[in-house]
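Heads up: the structure comes next, in structure tokens.
Where a number appears in this text, it was derived from the coordinates with a stated rule and is not lab data. Here the structure is a predicted model, which means the values were calculated and not measured.
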């Protein structure tokens, strides 16, 4: 086993890799105010962005699913890596050489599984790319040239060639220090009679990258007639490659998809190449599987589901293409974006269209034309004889349930009206009522009914109530002004400690009435307090947390926006005063209760002491009321 990574190196990695730069590789971030950024959470499905990133603190937190942490925690969670694997990956990105407390530098073969598989694919991609220039790969270069792709295009997309021999890549990767077990697990090799052999042989190779840009698999195109395999052969399911969760070209397209709020979904690798070379740099494709729910999740995080977002599907005009379009429509309602379909009049795909008519024709093809729902309905209605009442009724019976799936009531009504026209039913309101009735039935059957009462923490956040599923813990009632103010003060203490120091450090744990907030106050105290907070202050507070629940709340408070237009000493002073005034009021109630219990016949000395404390606290409360923070 390799030794523990040096703590100073871990800190250097955290400081060197900005959290917003890392998170932006997986989703689109927008300004959330207060120096924070927001986006759609990659860890759960949501329609409104409740995932926030604080670049200044190096933290993220989702107010919907309560996931949170620093850059390392984000990469661990999203890429399913261990702590050491994550630090090694980020260190490589930042150019930092790690030191290990035991055993010196970490040998390559001791690294985590995912890191090793990624490295094997990176080496394989370079190997295949180098082979494309060799004599044997002439057939591959000819294939590309016939489709309008030159050497520069091949290099841009990393296209390569796998030699026709049995174990060229296997021997090459063995020489790089990879074990047979790793090669089989990666899917680059497969078991042969005398040991591992290459999975891909004599084929044109496209590297498939994840949204972070790492090669995780390959798509291989048959070139020779004597190759008895399928036309396209993809990497099998592996620990790093799930075909339903990757989109070819997403690494190249993601920035333009986010910038333009538009994505073009095509059917193959050469179609992606053709689109990008024609200036349609938002094109992506699935890898040997139908476009589905996991692909939608990737796109939604980039599109942010704003009202202007567009997703354009291009499918072949043949029966298979039409079937693919209908499958896409099945998932249409998972998008807030508008979805369209683009089919060339002569049924050509983007690659063929570029060859025949040039780049402008490809750009013209993917301009939004026909809404996907309209295409789907026309395909369904077209199967029936609309000249007869029975045909029109049957068409309505099949199409109406599809329209009923549209969640937006206004859109559902509008499409129902269009369906009446497509079917040829003059009584438009009959069709509208029919669709609405089916929608109600579906809700009644599939609805979960009223939620059972339960105790949970309720947070004053910018996330919609439906998106919040708070972790277990003591109840917080943020309708209470006291709890709201305590929360604001803790946010200030974590995010702007200079505004509440040194007064904050004099506040007792018991001045925070909500147990979770009292726990955070304790963490700040254990970390050395807010006065003169160092740059790694929040990290120290997180490390002092007794458990994950408190740690998650610290992260949440360090990221959540402070609810003030101007965050300054005046606002901070108001929060300090309100928390202290309420503590004084609680103590005054306790004292009055004590006086009532002592009565007229209590110990005179004890009675005098209580009356004296009552007088002092009453005067202090008046001073806080009249003079604000100056009285603290």
At the level of C-alpha centres, the distance separating the stretch 482-507 and the stretch 401-440, in angstrom, is 55 Å
Nearest 10, in degrees from 0 to 90: the angle of helix 7-16 to the longest Cα principal axis of the chain is 70 degrees
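Any idea what diffusion coefficient the stretch 384-446 gets from Stokes-Einstein, in µm²/s, Kirkwood Rh on alpha carbon pairs, 25 °C, 0.890 mPa s?
Numbers: Rh = 11.6 Å.
Here the translational diffusion coefficient equals 211 µm²/s.
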Expressed in angstrom and rounded, the centroid-to-centroid distance over alpha carbons for the stretch 122-158 and the stretch 186-224 is 15 Å
Over the stretch 7-110, the quotient of the Cα radius of gyration and 2.2 N^0.38 Å is 1.15
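Using only Cα atoms, what Kirkwood radius does the chain have, in angstroms? Could you put the intermediate results ahead of the total?
Working: mean 1/r = 0.0345 Å⁻¹.
Final number for the Kirkwood radius of the chain is 29.0 Å.
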Taking Cα atoms only, Rg over Rh for the stretch 43-175 with Rh from the Kirkwood formula is 1.12
In degrees rounded to 10, the 0-90 angle between helix 569-598 Cα long axis and the longest Cα principal axis of the chain is 50 degrees
The helix 372-381 Cα axis meets the longest alpha-carbon principal axis of the chain at an angle in degrees, between 0 and 90 and rounded to 10, of 50 degrees
Note to self, the chain gives a 222 nm [θ] from helices alone (DSSP H runs n ≥ 4, -39500 (n - 2.57) apiece, / all residues, nearest 500) of -15000 deg cm²/dmol
